[in-house]
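Inspection log for the structure reproduced underneath, given as structure tokens.
Here, each number is a calculation from the coordinates, and none is a lab measurement. Please read these numbers as outputs of a predicted model, since none were measured by experiment. We place every Cβ from the backbone using ideal geometry, glycine too, and count neighbours over all the protein chains shown.
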Amino acid sequence: MRVFELVGPIMFGPSSSHTAGACRLSRAMWQILDCPMKKAALGLHGSFRVHEGGTVNKALVAGLLGFDTDDDRINNSHALMEQSGIDFSWENVTLENAHNNSVRYEIEGDGFSFSAIGASVGGGMIEVSEINGIKLSLTGDYNTLLVFAEDLEKAEKAFSSLGLEGGEVECHPGKAGGGIILYKTSLPLEPELCQKLESLEGVGHASRHLRFD
């Protein structure tokens, strides 16, 4: 058990699920995109739904701007989102068999887009359970490389040629021969790895999701 799990994250109120977890969930989308964000559409489920006259959870908005849980700009995230030039929208939705603190994301960036479903699962922790319709599990427990494969078989072979050690590789097939490769490790992941991965045969996009301290 980590210290974080005992004492919780450094954050602004009101709660870990609705502030730290919410911020980290959206920040995961910012990390996965790993390029300038152009559009973000949120589907808000369960406790994240907006009641009449209300606004989207400010921590969910802040994470999309790349803010971490202890960033004092969280309280001003709606105004900063308006100034960012990102096409931001939301709707209340019902997601089947989803955690009560779940969000569906449609994210568009400069050259890469994806969809995802994730949840703030308590104590400031998160789980991204689906990306581009592919079921998987992405949390803050490990440093993780995400490889979006246009040809999963070719990308898997190319990925293995990197000789990365000390981690776990997961291959998740998608449609039309594509899919997602996850590489989870406790070791540091340098940003240059993503550039190298994107030069490999069969790979369309690569990004990092870093472990929570």
Compute the Cα gyration tensor for the range 30-149, then decide on rounded, prolate or oblate, letting a ≥ b ≥ c be the square roots of its eigenvalues: rounded whenever a/c is under 1.5, prolate when a/b is larger than b/c in the other cases, and oblate in all that remain. rounded
Once the Cα atoms of the range 126-206 are picked out, what are the Rg and Dmax in Å? 11.9, 33
Could you let me know the centre-to-centre spacing of the range 80-130 and the range 166-191, using Cα atoms, in angstrom? 21
Of the listed links Lys58/Lys135; Lys38/Lys157; Lys39/Lys157, those spanning more than 29 angstrom between alpha carbons are Lys38/Lys157; Lys39/Lys157
Within straight cross-link reach of Lys175, meaning Cα distance under 15 Å, which aspartates and glutamates are found once same-chain residues fewer than 8 apart are removed? Glu130, Glu150, Asp151, Glu153
Simple spin-label model, 7 Å along Cα-to-Cβ: Glu165 to Ala79 in nm? 5.3
Using a 10 angstrom cutoff on alpha carbons, build the Gaussian network for the chain and name the most mobile of Gly111, Gly66, Gly43. Gly111
Compute the Rg to Rh ratio over the chain from the alpha carbon atoms, using the Kirkwood formula for Rh, and round to two decimal places. 0.96
